[in-house]
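Shown next, in structure tokens, is the structure this report addresses.
What follows draws every value from the coordinates through simple rules; no lab data is involved. The structure presented is a predicted model; accordingly, all values stated were derived computationally and were not measured. Don't worry about glycine lacking a Cβ; one is built from the backbone with ideal geometry, like all the others, and counts go over all protein chains shown.
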Amino acid sequence: MIFLDRSVAIIFGLLSLIILIVFSIVRKRNKLRVGIDVAFIAYCTCVVVIILFPLGINFDGLYRQSSIRINWAPFRDIYDVFNYEKSLQDFASVIYNVVGNLLLFVPLSAYLTWTRPLKFKQNLLLALCISGSAEILQLVVTILGKVQTRTIDSTDLILNIGGAWISLLIFRKLLARAANKTKIIQKMSTES
């Protein structure tokens with residue numbers, strides 16, 4: 001069995017950053033936009049690391065399909081911890097999972113709001129597609145790698161979309177407020 005660690009994703013992320021920077025220098029792009037794009041690529045690399053790694057590949061034997069862990073019932077694992085498990089470690093794990101999944105797509109929401117400010121519904125749909133694709137990708141990697149390293153979980157999808165929705169609303173309000181302040185400042189400067 002082979003386990004690929006996070007360095008594979010980090011190397012891919014660094015290569016992507018180098019390509020973006022070279023492309024930006026050649027095209028003479030706005031430095032603020034380049035900085036935002038660089039931060040977004042770093043974020044994407046972190047998401048890939050969180051979602052997929054460590055990545056296991058089993059060459060040793062047959063894979064039993066019954067060992068794939070899929071949680072179709074939303075919030076079932078959280079319910080089980082509160083009703084059956086009474087340890088502080090399990091409670092902390094649930095809190096970490098819930099908060100982590102809520103916050104996972106906040107940078108994506110910020111980036112989409114910045115680059116596509118008038119497309120709230122499309123941005124939310126894009127976040128849904130990305131989150132769903134991440135869960136499907138975890139399933140595919142589990143099947144092809146023949147190693148169970150992740151649980152495919154409907155709760156993750158719901159929490160990711162909930163976090164994206166809340167942060168899209170917040171960033172849209174912040175962007176509108178910043179645009180209003182800019183208009184006020186421009187109006188004041190033209191009056192003086």
Study note, to complete from the structure: Taking a ≥ b ≥ c as the square roots of the Cα gyration tensor eigenvalues, with a/c under 1.5 meaning rounded and otherwise prolate when a/b beats b/c or oblate if not, region 66-191 comes out prolate
Practice item. Under 22 Å between C-alpha atoms is the cut-off here; go through region 66-191 and count lysine pairs that meet it, provided they're at least eight residues apart or on different chains. Key: 7
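Quick one: length gained pulling V22 to A73 fully straight, 0.36 nm per residue minus the C-alpha distance? Write down the numbers at each step before the final one.
Working: separation 51, 0.36 × 51 = 18.36 nm, distance 4.61 nm.
Taking V22 through A73 to full extension adds about 13.8 nm, to one decimal.
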Exercise for review: Determine ³J(HN,Hα), in whole Hz, for all residues of region 99-109 in sequence, where each value follows from phi through the Karplus function 6.51 cos²θ - 1.76 cosθ + 1.60 and θ = phi - 60°; x replaces Gly and Pro.
Suggested key: 5, x, 5, 5, 8, 4, 9, 4, x, 4, 4
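Rounded to the nearest 0.05, what FRET efficiency is calculated for Q122 and R33 with R0 set to 22 Å and r the Cβ-Cβ distance? Intermediate values should be presented prior to the final figure.
Working: r = 20 Å, r/R0 = 0.91.
The pair Q122/R33 has a calculated efficiency of 0.65.
For the pair L169 and S133, what calculated FRET efficiency results from E = 1/(1 + (r/R0)^6), where r is the Cβ-Cβ distance and R0 = 30 Å, to the nearest 0.05?
Working: r = 23 Å, r/R0 = 0.76.
FRET efficiency, S133 to L169: 0.85.
Roughly speaking, what is the stretch gain from T115 to I143, that is 0.36 nm per residue apart minus the C-alpha to C-alpha distance, in nm to one decimal? All intermediate terms of the calculation are to be shown ahead of the outcome.
Values: separation 28, 0.36 × 28 = 10.08 nm, distance 3.57 nm.
Gain on extension, T115 to I143, equals 6.5 nm.
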